[in-house]
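Some notes on the structure that comes next.
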Amino acid sequence: MGDNMLINSKEMLLEAKKRKYAIPHFNINNLEWTRFILEECQKANMPVILGVSEGALEYMGGAETIVGMVKGLLKELFITIPVCLHIDHGQSFETCKKAIDAGFTSVMIDGSKYSIDENISETKKVVEYAHQHNVTVEAELGLIGGEEDGVANKLGFTNLKDCQYFLDKVQVDSLAPALGSVHGLYKGEPKLDYETMKTINENVEVPLVLHGGSGIDNEKIRKAITCGISKININTELQIAWSNAVRDFLDNNKVVYDPRKIIKSGEQAMKRIIQEKIELFSNHNR
Ligand code: 13P
């Protein structure tokens, strides 16, 4: 059996920043999704970040359950690529601490609902605890728009001055600057502020993260990577691909009732999206 261990996101993101490609962050919702993602990333030899929102954390039975499941899959599936298990949009120090104690290797503390100084003090608490445990921390500045798992935000752009002010006071390992992307489906064309993205990237050392990666066309994703994005979060496109395939399968198989067959019917559709994103994010640099 393989003995791959979960790792934090530090090295993989710094390497991606240096070589101008992006690490995929795919959100997981259950055992099958985790398995499909791991298998496809292993096939492409692509490091991966498995993102778990607070809603998914609760849904899958808590942090201990998820850590056990992921570690088991790494072993049983002989996964050898670098894999990081990450809390997506952690809303509080308590959520992050619980996940770290259970064995998550990375956390995002989303203090975007606070003023910048409150965001700094909440993030500082998390960084202090996380770094004692060799866990990496992602923060958000400005407001990423849209809705994910019941957490909804208006869009609020950030800027270089705020990023520098923030990073001067708290040593996070990656930063998600809100620059026009939204969670869920875009209403109209996504409009990203590439100029600011590039300026921030050139003036800060930490790798930058693009949330709301679904629904942004390939050309725009390539441009974002060129402007310095090192991690891209994808959830909605996997949800849509999987649910459309399952809906088709059920429409065409009226008497099926084995849940394994039903859930697995979304596998190929999901894997196609994963494969496409890996190729796109690699940016010819891997
Ligand atoms: P999408 O909803 O665009 O897939 O974004 C996911 C995300 O950013 C998770 O944090």
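The values are calculated or read from the model by the stated rules, or taken from the named source; none is laboratory data. As the structure is a prediction and not an experimental result, all values here were calculated from the model. Because the Cβ atoms are built from the backbone with ideal geometry, glycine has one as well, and the counts that use them run over all protein chains shown.
Side notes on the structure shown:
- Candidate set from region 80-92 (those that are away from the ligand (no atom under 16 Å from the Cβ) and buried (at least 19 other Cβ atoms within 10 Å of the Cβ)); member that is farthest from Leu31 (Cα to Cα): Pro82
- Criterion applied to Asp168, Asp162 was being more than 14 Å from the ligand (Cβ to nearest atom), closer than 17 Å to Asn203 by Cβ, crowded, with 16+ Cβ neighbours inside 10 Å and of a type outside the set (Val, Ile, Thr), and the one residue passing it is Asp162.
- Cβ pairs under 7 Å, 6+ apart, first in region 145-167 and touching a residue at least 60 places away in the same chain (Cβ under 8 Å), second part of a loop (DSSP other than H, G, I, E, B): Gly145/Lys154; Gly145/Leu155; Gly146/Gly184; Gly146/Gly212; Glu148/Gly184; Glu148/Asn235
- The listed residue being within 13 Å of the ligand (Cβ to nearest atom) and either farther than 26 Å from Ile28 by Cα or touching a residue at least 40 places away in the same chain (Cβ under 8 Å) (or both), out of Thr236, Thr196: Thr236
- Residue within region 147-155 that is assigned to a loop (DSSP other than H, G, I, E, B), surrounded by 17 or more Cβ atoms within 10 Å (Cβ to Cβ) and at positive phi present: yes
- Of all residues making up region 90-102, the number that are closer than 14 Å to Tyr129 by Cβ and touching a residue at least 60 places away in the same chain (Cβ under 8 Å): 0
- When Glu118, Glu138 are checked against the criterion of being part of a strand (DSSP E or B), of a type in the set (D, E, K, R) and either within 19 Å of Lys231 (Cα to Cα) or away from the ligand (no atom under 15 Å from the Cβ) (or both), Glu138 stands alone in meeting it.
- Residues of region 217-233 satisfying the condition of being surrounded by fewer than 24 Cβ atoms within 10 Å (Cβ to Cβ) and within 12 Å of the ligand (Cβ to nearest atom): Ile221
- One residue alone among Glu40, Glu58 is buried (at least 16 other Cβ atoms within 10 Å of the Cβ) and among the acidic types (Asp, Glu), and that residue is Glu40.
- The strands (runs of 3 or more DSSP E) found wholly in region 163-265 include none carrying at least 1 residues that are modelled with pLDDT under 95.
- The residue that is surrounded by the fewest Cβ atoms within 10 Å (Cβ to Cβ), counting only those in region 127-146 that are in contact with a strand residue (DSSP E or B) (Cβ under 7 Å, 6 or more places away or on another chain) and among the acidic types (Asp, Glu), is Glu140.
- When region 109-126 is filtered for residues that are surrounded by fewer than 24 Cβ atoms within 10 Å (Cβ to Cβ) and not aliphatic (A, V, I, L, M), the ones remaining, listed by number, are Ser112, Lys113, Tyr114, Ser115, Asp117, Glu118, Asn119, Ser121, Glu122, Lys124, Lys125.
- For region 205-212, the condition holds for no residue, the condition being that it is out of contact with any Leu (no Cβ under 6 Å at 6 or more places or on another chain), within 27 Å of Ile28 (Cβ to Cβ) and among the acidic types (Asp, Glu).
- Single match in Gly180, Gly156, Gly184 (criterion: more than 15 Å from the chain's Cα centre (by Cα) and within 13 Å of the ligand (Cβ to nearest atom)): Gly180
- Pick from region 206-216, criterion within 15 Å of Thr158 (Cβ to Cβ) and out of contact with any Gly (no Cβ under 7 Å at 6 or more places or on another chain), ranking: farthest from the ligand (Cβ to nearest atom): Val206
- Candidates Val48, Val70, Val52 - the one that is more than 16 Å from the ligand (Cβ to nearest atom) and in contact with a helix residue (DSSP H, G or I) (Cβ under 7 Å, 6 or more places away or on another chain): Val70
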